[in-house]
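Remarks on the structure that follows.
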Amino acid sequence: MNRTMATDKNVRLGQPSEQTVLTITTTEMHTGGEPVRIIESGFPKPRGEIILDKIHDLRRNYDHLRKFVILEPHGHFDMYAVLLVPPDNPEADIGAIFLHNEGYSTMCGHACVALGRYAVDKGLIELNLHQESTTEVQVNIQVPCGLVKTFVSVQEDGDVIRTGRVRFESVPSFVVCHDVCVQVEGYGDCQIDVAYGGAFYAFVSSADLSVDLQSSPIAEIAKAATALKAAVSSAVSLHHPETPAFLYGIMVVDSRKAFAEDGVYHHTCIFADSETDRSPCGSGCTARAALMFQRGQLKLGQTCTFRSGVTGSEFQARVVNTSRVDLTDAVVVEVEGQGYYSGRNILTLEEGDSLGKEHRASLIFWLVSIKFNKVDNVLCILSTIQCVLSD
Ligand SMILES: O=C(O)[C@H]1NCC[C@@H]1O
């Protein structure tokens with residue numbers, strides 16, 4: 001219908017917003033190439049006294065909104081998002097819940113790097129920049145695994161405060177086990193280490209999975225890591241006194257650079273449901289620093305660099321203190337990186353758009369993936385169909 005017809009018939013052109021039944025606005029950032037979709041409006045406030053209760057409420061009542069924000073057509077399989085919540089820890093400035101393609105994680109370093117900047121830029125914390133020497137602002141973020149202290153570089157540029165790099169001090173991290181042999185279907189025996197850096201990670205050499213971080217297609221690395229994750233999850237029992245204990249990710253360590261002479265260590269992180277981290281993975285780096293410290297490969301205060309096998313982006317990490325988690329020796333690790341703004345979004349759902357609604361898109365993903373992975377995703381397909389039907 002053109003403008004003349006609309007005028008002649010005394011009707012007006014429909015506005016997209018009139019058909020919209022759901023609107024969620026976001027600020028988009030990324031750290032080392034890994035997305036950080038910060039939800040700003042349109043999402044319900046999860047109920048619960050503590051952050052883990054809030055996650056429980058989200059999982060139970062609003063999981064369709066996680067899928068709406070993360071998966072296609074509004075997001076994609078490797079999307080990552082943050083929902084800010086009021087903290088229940090009096091030391092915290094803000095609280096954050098992390099959303100990914102499978103659910104909710106306990107820790108996310110790349111998101112903390114972005115969030116530190118965001119909190120300062122958005123005025124979410126009170127700034128005390130009166131002393132001329134102020135070059136860093138501290139933002140304490142309560143996340144599901146505990147309190148993460150971020151330190152945001154700030155610079156006065158005329159009357160504007162410019163934020164930049166962020167370092168964060170994570171919760172005490174520790175080694176669960178090392179040099180354990182697990183049998184992985186299709187890949188044979190793999191030697192793994194498991195460590196906690198706010199979330200649990202298993203470390204494996206790329207050679208054990210017969211992949212090359214530089215040349216293997218990422219789908220191949222993700223497939224191998226996913227097979228390993230299943231094997232480790234049933235072989236190694238995990239425990240943490242305060243946070244839910246589950247194997248969150250696999251860190252595939254570049255076997256050609258395991259003992260980096262230049263202080264740069266390469267790895268690729270596959271986490272949640274075969275999701276690929278574009279960044280070096282802040283919590284994975286934290287766990288790896290704990291492992292390296294225990295092995296004597298990293299000294300207290302010594303800085304090393306972790307490089308993502310996916311994008312080449314880097315985080316710096318150092319062990320800044322020793323600590324304990326229950327009776328286990330632990331370390332406090334600091335990780336540093338830079339997050340960037342990449343846009344703003346108004347995500348909408350139009351009336352009658354059943355595909356845009358949520359995870360129907362993931363059903364399509366699995367139907368496509370069956371083509372490549374033969375039938376090993378059959379269970380996932382069935383569970384997705386079940387989710388769709390139960391809506
Ligand atoms: O940087 C991190 O810690 C995160 N990146 C995606 C997976 C982890 O949560």
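Rounded to the nearest 500, what is the 222 nm mean residue ellipticity of the chain from helices alone, with -39500 (n - 2.57) per DSSP H run of 4+ residues and division by all residues? Roughly -7500 deg cm²/dmol at 222 nm, from the helical runs in the chain.
The convex hull drawn around the Cα atoms of segment 67-111, when projected onto a plane and averaged over every direction, covers 3.5 nm². Among beta bridges identified by DSSP and lying wholly in segment 240-307, the antiparallel ones come to about 70 percent. Net charge in the neighbourhood of residue 298 (other residues with Cβ under 10 Å of its Cβ; Lys, Arg +1, Asp, Glu -1) is +4. Note on the chain: with a GNM built from Cα contacts shorter than 10 Å, the maximum mean-square fluctuation among 334, 275, 40 falls on 40. Proximity of backbone amide H atoms, modeled 1.01 Å from N, is registered between residue 350 and 21 at under 5 Å, excluding neighbours fewer than 5 places apart on the same chain.
Given 4 °C and 1.567 mPa s, how large is the Stokes-Einstein diffusion coefficient of segment 130-284 in µm²/s, with Rh as the Kirkwood radius over Cα pairs?
After rounding, the answer is 75 µm²/s.
Across segment 271-286, coupling constants 3J(HN,Hα) worked out from phi with the 6.51/-1.76/1.60 Karplus curve, θ = phi - 60°, read 9, 6, 8, 6, 7, 9, 7, 6, 8, x, 6, x, 6, x, 5, 4 Hz, and Gly and Pro carry x. Computed about its Cα centre, the charge dipole of the chain is approximately 520 debye, with only Lys, Arg, Asp and Glu carrying charge at their Cβ. Across the alpha-carbon set of segment 1-114, the Rg to Rh ratio works out to 1.15, Rh being the Kirkwood radius. In the elastic network of the chain, a GNM with C-alpha springs shorter than 10 Å, the most mobile of 84, 52, 127 is 127.
Calculate, in nm to one decimal, what residue 25 and residue 10 gain on full extension: separation in residues at 0.36 nm each, minus their alpha carbon distance.
Net length gain for the segment: 2.0 nm.
If you take all other residues with their beta carbon under 15 Å from the beta carbon of residue 238, and give Lys and Arg +1 and Asp and Glu -1, the sum is -2. Each label was represented as a point 7 Å from its Cα along the Cα-to-Cβ direction; for residue 136 and residue 159 these points are 3.0 nm apart.
Taking only Cα atoms and a 10 Å spring cutoff, compute GNM fluctuations for the chain and point out the largest among 323, 205, 283. Looking only at 323, 205, 283, the largest GNM fluctuation is found for 323.
Among residues other than residue 18 with Cβ under 12 Å from its Cβ, the summed charge is -1 (Lys and Arg +1, Asp and Glu -1). With the gyration tensor restricted to C-alpha atoms of segment 70-153, the semi-axes of the equivalent ellipsoid amount to 27, 14, 10 Å, longest first.
Note down the relative contact order for segment 83-193 as a percent, whole number, built from C-alpha pairs under 8 angstrom at least six residues apart.
Numbers: 181 pairs, mean separation 23.3, N = 111.
Relative CO of segment 83-193 lands at 21 percent.
From least to most packed, judged by other beta carbons within 10 angstrom and beginning with the fewest, 93, 353 follow the order 353, 93. Structural descriptor for segment 184-241: relative contact order 30 percent, calculated from alpha carbon pairs under 8 angstrom and at least 6 residues apart. In summary, the convex hull built on the alpha carbon positions of the chain has an orientation-averaged projected area of 23.8 nm². Within the chain, antiparallel bridges make up roughly 85 percent of the DSSP beta bridges whose residues both belong there.
Any read-out appearing in this document is the output of simple, stated calculations on the displayed coordinates, not a laboratory observation. Everything quoted here is computed from the prediction, not taken from an experiment. Glycine gets a Cβ as well: all are built from the backbone with ideal geometry, and neighbour counts include every protein chain shown.
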